[in-house]
Each structure stands twice: as C-alpha cells, then as structure tokens.
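Remarks on the structure that follows.
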Amino acid sequence: MVEVLEATRKKFTEILREEGLEKKTIDIAVRGLEVEEAIGDPERDDFPLQQGEEVMIEATFGDSRGQAFTDRPTDYSGSISELLELNLNRPHNRALVVAAVNAVLRELDLIEGTRHCRDEEPGKCGQRMVEWLDENHPEVNKLGIVGYQPAIIEACYKSYGKNLMVSDLNPERVGEQVGEGVRVLNGKTENRQLVEETDFVLATGSTIINGTINELLQLFEEYNRSHAFFGNSIAGPAYLLNLPRLCFYGH
C-alpha cells in the first residue's frame with residue numbers, strides 16, 4: 001500500500017541531505033483547518049470538506065505552509081526526522097508526511113500550489129480543467145474522474161455529458177447521479193472499469209493519502225491510460241516522482 005509514499009519519502013530524504021538539512025532539527029507543526037480556513041466561501045456547499053467527509057490539515061515550516069486532505073486528521077509537532085519514521089501504513093501518518101513534504105518543498109521554492117484554492121476559485125478550476133483538456137487532449141471522447149470534486153465534475157459533465165465516468169470511496173456517494181446517465185462508481189471496486197472505458201483520467205491527489213494511488217498507477221500502466229492528478233495534496237510527491245499534476249488556482 002505504501003510504495004508511492006515510500007518512494008516519496010526516499011526522494012524527500014535525498015533533498016534534505018542535498019540541502020544540508022538532514023542533520024538539523026527541523027520543527028514542524030501540523031493542525032486541522034476549519035472549513036473557512038481551508039476553502040473560504042465557495043459558490044457551492046457540496047464540497048467534501050463542507051460535508052464533513054474530509055478535513056484539511058496544514059503543516060507549517062519556516063514561512064511556508066503545505067496542506068493535505070484526510071478523513072483522519074491528527075495534530076503533530078516535532079522534527080522532520082521523527083516524522084519520516086512514522087508508519088506509513090496508517091492513514092493519519094500518511095497525511096502528516098504529505099503535508100510536511102509539501103511545506104518543506106514549498107519553503108525550498110521547489111513547488112507551488114500547496115494550499116487549496118478559495119472562494120470562487122474552485123468553480124473557475126472546473127472550467128479551466130475542461131479548457132486544459134480541450135487544448136492538450138482534444139482526442140479525449142470519454143473522461144474519467146476519480147474522487148468527488150463537484151466543481152470539476154459539473155464543468156466536465158457540461159462538456160462530456162454521458163461520456164463522463166466518476167468514482168468515489170465514500171459509500172454515501174456511490175450510486176449518486178451527478179448527471180443524466182452518470183452515476184458515481186465505487187472507488188474500491190470499480191476503478192478498473194473506469195480506467196478501461198475512458199480515454200483520460202483525472203484523479204484526486206488525495207489518492208496518495210487514502211492508499212488507492214498504487215492501484216491507480218498500475219491500472220494506468222496496464223491500459224496505457226493518459227492521466228493527471230489534481231489538487232494541492234499531491235504537490236510535493238508529484239514533483240519528487242514526476243507525476244502529472246494539475247492545480248490551476250492553488251496558493
């Protein structure tokens with residue numbers, strides 16, 4: 001389950017060594033954010049953060065902040081070396097490590113967009129996502145989205161209609177209609193179908209925290225499927241592992 005995160009931890013440790021930070025005590029604090037702190041006042045109220053399905057945690061390092069989505073938030077205060085020894089089989093530890101990686105790499109000016117977009121920006125992101133697909137992958141006829149991001153789903157449905165497939169891990173979302181002829185598939189059991197039947201897949205970056213990213217990457221390789229991860233959670237890991245990432249309005 002932890003292959004991608006283990007590779008992230010290894011690459012991150014190499015950067016700490018290159019920057020001369022591996023032997024220093026680096027204090028890092030992580031806390032959960034209130035909804036308004038995380039995404040402000042968006043134009044809709046059906047984001048998972050607003051529904052209490054997920055929490056955004058934020059790590060602070062130097063003058064920089066890095067965030068990560070999780071459904072099992074945990075506060076942390078300690079050194080990077082201690083944090084990197086945490087058991088990555090535990091979901092709350094995965095979120096802590098990812099948030100910390102994002103904060104440190106942001107402080108080193110290696111990445112951007114480590115904090116979630118706010119207010120009207122999530123809605124703009126959905127439209128920009130469609131524009132990006134049109135510009136860079138005009139051949140896409142059927143689109144898959146892994147992870148419930150309502151603004152992106154709404155914008156993509158307007159463009160792709162019934163040629164849109166969506167999956168999510170939340171059992172209360174599974175089976176929900178997000179458009180005529182488009183129901184939410186079970187992210188635990190039906191991602192293979194989604195990847196097989198689509199031409200391009202947009203996957204939430206929080207898959208690196210919930211443990212599904214390894215299976216997804218295997219499916220992308222198996223079906224030679226073009227893809228990109230979206231959002232702020234995967235900012236650092238995407239940089240370290242050269243994974244395709246889209247985040248148009250992250251801060």
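The values are calculated or read from the model by the stated rules, or taken from the named source; none is laboratory data. Keep in mind the model is a prediction, meaning the values are calculated, not measured. Every residue, glycine among them, receives a Cβ derived from its backbone with ideal geometry; neighbour counts consider all protein chains shown.
Number of residues in the stretch 220-236 that are within 10 Å of the chain's Cα centre (by Cα), modelled with pLDDT of 95 or more and closer than 19 Å to Asn191 by Cβ equals 3. Among residues of the stretch 72-115 being among the hydroxyl-bearing types (Ser, Thr, Tyr) and more than 16 Å from the chain's Cα centre (by Cα), the one that is surrounded by the most Cβ atoms within 10 Å (Cβ to Cβ) is Tyr76. Among the residues of the stretch 116-126, those identified as in a loop (DSSP other than H, G, I, E, B) and more than 16 Å from the chain's Cα centre (by Cα) are Asp119, Glu120.
Scanning the stretch 206-237 for residues that are of a type in the set (Ser, Thr, Tyr) and buried (at least 23 other Cβ atoms within 10 Å of the Cβ) gives Ser206, Thr207, Ser233. Checked against (1) more than 19 Å from Lys11 (Cβ to Cβ); (2) in contact with a strand residue (DSSP E or B) (Cβ under 6 Å, 6 or more places away or on another chain), Ala99 passes all but a single condition, namely (1). Under the condition of being aliphatic (A, V, I, L, M) and assigned to a helix (DSSP H, G or I), the residues counted in the stretch 59-104 number 11. Quick check, is Leu110 in contact with a Lys or Arg (Cβ under 9 Å, 6 or more places away or on another chain) and in contact (Cβ under 8 Å) with a residue 24 or more places away in the chain? No. Only residues that are at pLDDT 95 or above and either part of a loop (DSSP other than H, G, I, E, B) or buried (at least 22 other Cβ atoms within 10 Å of the Cβ) (or both) were counted across the stretch 134-148, and they come to 10. Of the strands (runs of 3 or more DSSP E) lying entirely inside the stretch 176-251, the ones with 3 or more residues being without any contact (Cβ under 8 Å) to a residue 24 or more places away in the chain and under 22 Å from Pro150 (Cβ atoms) are found at 182-186. Here Leu240 fulfils each of the conditions (1) at pLDDT 95 or above; (2) buried (at least 24 other Cβ atoms within 10 Å of the Cβ) apart from (2).
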